[in-house]
Each structure stands twice: as structure tokens, then as C-alpha cells.
């Protein structure tokens with residue numbers, strides 16, 4: 001009788017274990033945002049926008065897309081009330097990638113277009129973008145080049161009877177009531193290096209902020225510090241693809257970001273991002289995400305919280 005009871009209890013115990021295991025297997029769930037402890041290469045969330053629809057509610061979120069254009073820059077921002085901004089447009093052959101990305105979100109007009117500086121990897125496809133969308137205002141620094149790329153951009157602007165607003169530190173770009181877009185560089189009239197003409201923007205949405213540094217190098221960073229701009233930001237778009245020529249210790253301390261985005265190609269000829277820059281970011285406890293590792297990166301803000309996802 002005793003052996004029979006023991007066998008019965010043993011059978012019951014095994015049955016309970018099987019039921020518990022089955023419940024565990026059926027309760028799995030997926031996440032669309034990155035836990036703060038995850039490294040860039042471990043991004044698991046794949047966010048895609050259905051045809052003609054935004055990735056989020058237009059009345060709640062600021063969406064900043066760091067589009068994967070290889071060794072180049074292109075940032076598309078959709079603001080909470082639906083206004084839009086494009087900052088840079090990759091290389092000459094990136095037009096289709098950028099245009100398709102924006103159109104997939106149901107966007108027909110770009111309220112502001114910013115060409116940070118006239119290097120081909122920043123304004124290469126800007127003529128294609130201007131031709132493809134209704135355009136509000138265009139902002140570029142007061143500097144010209146004789147390249148075919150730059151002339152193509154000027155031609156597209158002229159064809160649509162648009163005008164360039166010369167950008168300089170201290171100006172602002174009017175967008176929406178709850179959003180401030182400040183131009184905090186360039187701060188001088190002339191530079192030896194085109195990179196230092198870069199338009200640097202600080203975008204603030206309620207309690208969250210983004211600092212988008214173009215290709216600004218240490219000279220421009222020093223000027224921003226001397227002008228006592230409020231550089232503090234949650235997200236830093238690292239200048240010059242992570243080159244050691246920028247993101248100085250003093251500048252990084254002033255920005256004090258939680259997250260950094262580096263727009264860069266795998267195995268590029270420049271060795272970007274440079275080890276020195278990555279070490280400085282690591283020393284400041286900044287979580288770094290690169291387009292080389294993750295493709296296009298979507299950063300969203302509800303005005304209080306930042307979330308980072310990878311876009312298919």
C-alpha cells in the first residue's frame with residue numbers, strides 16, 4: 001500500500017512538471033525596443049512601416065531615422081504633429097534608398113531640408129530628393145564648391161524656384177510648437193576645412209533632445225563650447241562618422257549623451273569609427289549604435305523616453 005501511494009505521488013509530480021513546462025513554452029513574447037544592456041550587435045527588434053503608414057502615432061512621437069547609406073549621412077525626422085525634416089542625403093547613388101524610405105512612411109512633403117555641408121557623402125542625392133518631394137525651406141552653410149554634385153543640387157533648387165537660407169549658429173528652424181530646432185554651428189565665416197562648415201542641430205522635444213553634429217571637427221566643437229550653447233542631449237549623432245578629428249573630450253562632456261549613433265560603412269577606407277572615439281564614448285558610458293552593424297536605426301521620443309529600434 002505504501003509503495004502504491006509513493007508511485008501515485010511520483011506520477012502526480014511528473015504530471016505537474018509537464019504542465020508547468022508547457023505553460024512556459026506558450027508564454028514567450030517578443031520585444032520591439034532595446035533593453036539598455038544590449039549591445040548594438042544584439043539588436044533584436046525589427047520594425048518596419050506598412051505601406052503608406054507611419055511607424056508611430058503622428059500625435060505622440062518624434063521619429064528620427066538614421067538611414068543606412070553606407071559611408072555617408074542621411075537623417076529623416078518626422079515630428080509629432082506630422083512636420084518633416086531631412087538632414088543630408090547620402091552619396092550620389094543613394095537617392096532611391098532615401099526616397100523610398102521616406103515615401104514608405106506616406107510622406108509627400110519635406111518641410112525643411114538641411115545640407116550640413118557640401119561634401120558628396122552629405123548632399124550627393126539631395127537633387128534627387130528635391131525633385132521627388134514638395135519642399136518647404138532649404139538650409140545650407142554659406143560656402144560653395146565647384147563640384148558637379150554641388151552644382152546638381154543648386155540646379156534642382158533653382159528648377160523649383162526655391163531659395164537657400166544660409167545657416168549659422170544662433171539661428172532656429174521653426175517646425176512645431178512643442179519642438180525646438182536650434183542651429184548651433186557653424187559659428188565663423190570661413191574655415192580651411194569644409195567639415196567645419198557643418199550645420200550642427202540641436203532638436204529638443206519636451207524633456208528629450210538630439211544633437212546632430214554633421215562632420216564638425218574639434219575647431220567647430222571648441223566654438224560651440226565658447227558660445228556657451230546648451231549642448232546637453234540624450235542622443236548624439238557622432239560627428240564625421242566617428243573620426244578622431246571630432247568628439248573631443250570637452251565636447252563629449254558637455255553633451256553627456258546616453259546614446260550615440262554613428263553613420264558609417266563596414267570595412268570603410270577611413271577606418272571609421274576610430275578607436276580613440278569609441279574609447280572616449282565608452283569611458284563616458286555612452287551606448288553606441290552604428291549603421292554598419294544595424295542598418296537603418298529608428299530613434300523615437302514621446303517627450304520623456306527614448307527608444308531605439310532597427311528598421312528592416
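Go through segment 247-258 residue by residue and tally those that are within 23 Å of residue 296 (Cα to Cα) and surrounded by 21 or more Cβ atoms within 10 Å (Cβ to Cβ).
2
Return the residues of segment 295-305 that are within 12 Å of the chain's Cα centre (by Cα) and either surrounded by fewer than 20 Cβ atoms within 10 Å (Cβ to Cβ) or not in a strand (DSSP E or B) (or both); say none if nothing qualifies.
Correct list: 295, 296.
Can you tell me how many residues within segment 165-185 are crowded, with 20+ Cβ neighbours inside 10 Å and either over 16 Å from residue 223 (Cβ atoms) or under 20 Å from the mean Cα position of the chain (by Cα) (or both)?
Within segment 165-185, residues that are crowded, with 20+ Cβ neighbours inside 10 Å and either over 16 Å from residue 223 (Cβ atoms) or under 20 Å from the mean Cα position of the chain (by Cα) (or both) number 7.
Taking segment 191-211, which residues are touching a residue at least 12 places away in the same chain (Cβ under 8 Å), part of a loop (DSSP other than H, G, I, E, B) and more than 18 Å from residue 114 (Cα to Cα)?
Listed by number, the residues that qualify are 191, 193, 206, 207.
So which of 134, 178 ends up being in contact with a strand residue (DSSP E or B) (Cβ under 9 Å, 6 or more places away or on another chain) and at pLDDT below 95?
Numbers: 134 fails: at pLDDT below 95.
Criteria check complete, one pass: 178.
So, of the residues in segment 212-233 that are touching a residue at least 60 places away in the same chain (Cβ under 8 Å), in contact with a strand residue (DSSP E or B) (Cβ under 9 Å, 6 or more places away or on another chain) and in a loop (DSSP other than H, G, I, E, B), which turns out to be surrounded by the most Cβ atoms within 10 Å (Cβ to Cβ)?
214
Inside segment 136-175, can you point out the residues that are assigned to a helix (DSSP H, G or I) and touching a residue at least 24 places away in the same chain (Cβ under 8 Å)?
Residues satisfying the conditions are 149, 150, 152, 153, 155, 156, 157, 159.
I'd like to know if segment 33-40 contains one or more residues that are at pLDDT below 50 and outside any loop (DSSP other than H, G, I, E, B). Break it down into steps so the answer makes sense when it comes.
Within segment 33-40, the first condition is being at pLDDT below 50, and the residues that meet it are 33-40.
If we keep only those that are outside any loop (DSSP other than H, G, I, E, B) as well, we get 40.
Yes; the residues of segment 33-40 include at least one that is at pLDDT below 50 and outside any loop (DSSP other than H, G, I, E, B).
The values are calculated or read from the model by the stated rules, or taken from the named source; none is laboratory data. Keep in mind the model is a prediction, meaning the values are calculated, not measured. Positions of Cβ are generated from backbone atoms using ideal geometry, with glycine treated the same way; all protein chains shown enter the neighbour counts.
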